[in-house]
Each structure stands twice: as structure tokens, then as C-alpha cells.
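So the structure is just underneath, and the comments pick up after that.
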Amino acid sequence: MTSITPQILLKAYAAGIFPMAESADDNALYWIEPDERGVIPLDGLHVSRSLRKTVKRRDFEVRVDSDFEHVIALCAESTETRKSTWINRRIRALYSQLFKLGSCHSVECWKDGKLVGGLYGVKLGAAFFGESMFSRATDASKVALVHLVARLNAGGFRLLDAQFVNPHLATLGAVSVKKQDYHQMLKSALEANADFKRFDGDGGPELVLSLAAGEGENTRQSPATIRS
């Protein structure tokens, strides 16, 4: 693949395309455009009773954009349950550049001063493209997702793109939509503006859970996505 710049990457997202690598050890990148796209409806996140209790207990300190490089590094790291990942050096470099440009964000869960879970993704218009998530403590990545959806709803987002639906994301409400339908959702989201920083602080777990359920006055009846 020829050289990819952050600007080319954003144009690709706007066209419904995203890059992936075969593995973290393979430096090649490939453009992907699935026939069916995974999305998490912004009014359809599934929050289990146990996850709701975890959010209410504030088991984690939730931060935004405080250590993006560490988040993407841990997303790229292999674990006992995930032997390999698709995040190679080129992807880490590209998304780090997007972060510096303000087009990429991380939601992080910290415990006792240690980063134990989180996710990152790309913001474009009123769309958020979830790239990857990781967890080193029970429910840490799920709590990050709840806070992400709350933040997107508070900021007027219309689409959360998860790219693919896996069993884990399905339990959280992710659904598959056909390419044609996805492009209509994407077009609508790109024509609108949204503010990722509008939700400045969690305002308490009850507000977070309410916004994550799509009950806030700023919520939109549209989908969003996270790839693990």
C-alpha cells in the first residue's frame, strides 16, 4: 500500500472504508469495506444489571484523552485470551497523528493509578468510528463503552460505528446493517456537527446511565460502532 496520511485516512472513513493489518507483526495495511457493518445504536446500548451496578459504584476513574498512546499500545498487545491483534506499527503511528490533530479520542478506565481498560476511535462530523478496546480488569472496557455512548449522546452524535459484530459486542447491543443502509447513516452523520467535549465530566453515574440509554434531550436515534 502506498503511503497513507491522516488526511487520506479521514477521507477513507468518510467513504465508508477503514484500514486493517493482517497482524501486529505485518506492516502492510489493507482497505476494508464490509458488506455488512457493525453498529451500536445510540439508543440501543445493552447495559446489564451487573454492569449498571459497576458504573454506579464508580469502580474506575474514567478519563478522556489523558493517555492515548498507552491506550492504543494496550489495544495492540496480545493477551492469553487474544493471541494476536491487527494493530501494527503503521496503524499506531497514523492514529497517534489523528489524535494530535483532534480527530481521534480515547476513553480510559483507571484504578489505583493504573490504566486497566479503555477504547479509542475516530471522530468525523457526527460519527464516531470505534477502533479497538481492551480490558485488564473485569468490566473495564464495558464501563468505557457506557461512558463513550453517554458522551456521544450528550454531544449530538448520530452514528457509532463498530465495523464488525462479534459475540461480545452483540451482547452490548451491536447489530449488523447492510452496506447500503450504513452509507445512508454515514451520510446523515457526516452532514451534521457534534461535540465530543460537550460532556465535560461524568455528572454522576445516574446521568451517565441515562445518557447511555439514549434518554437525554440531546440523543439521536442512530447507531455507533466499536471493534475489539
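Annotations
- Inside the stretch 138-158, residues that are within 24 Å of A15 (Cβ to Cβ), in contact with a helix residue (DSSP H, G or I) (Cβ under 7 Å, 6 or more places away or on another chain) and either aliphatic (A, V, I, L, M) or free of Cβ contacts under 8 Å to residues at least 60 places away in the same chain (or both) make up a count of 0.
- Any pair with Cβ under 6 angstrom, 6 or more apart, that starts in the stretch 33-45 at a residue that is at pLDDT 95 or above and ends at one that is surrounded by 19 or more Cβ atoms within 10 Å (Cβ to Cβ) and polar (S, T, N, Q): G38/Q163; G38/T225; V39/T225; I40/T225; L42/N153; L42/S222
- Criterion (under 26 Å from V175 (Cα atoms) and modelled with pLDDT under 95) met by exactly one of S106, S50, S84: S84
- S135 being in contact with a Phe, Trp or Tyr (Cβ under 8 Å, 6 or more places away or on another chain) and in contact (Cβ under 8 Å) with a residue 12 or more places away in the chain: no
- Within the stretch 86-112, the set of residues being more than 20 Å from D161 (Cα to Cα) and of a type outside the set (F, W, Y) comprises N88, R89, R90, A93, Q97, K100, L101, C109, K111, D112.
- Residues that are surrounded by 15 or more Cβ atoms within 10 Å (Cβ to Cβ), modelled with pLDDT under 95 and either over 17 Å from the mean Cα position of the chain (by Cα) or assigned to a helix (DSSP H, G or I) (or both) within the stretch 181-204 comprise just one, D202.
- The strands (runs of 3 or more DSSP E) found wholly in the stretch 1-86 and carrying at least 1 residues that are surrounded by 16 or more Cβ atoms within 10 Å (Cβ to Cβ) occupy 18-20, 36-41, 61-64.
- Exactly one residue among L209, L160 is at pLDDT 95 or above and more than 25 Å from M20 (Cβ to Cβ), and that residue is L209.
The values are calculated or read from the model by the stated rules, or taken from the named source; none is laboratory data. The model shown is predicted, which means the values in this text are computed figures rather than measured ones. Cβ: placed from backbone, ideal geometry, glycine included. Neighbour counts: every protein chain shown.
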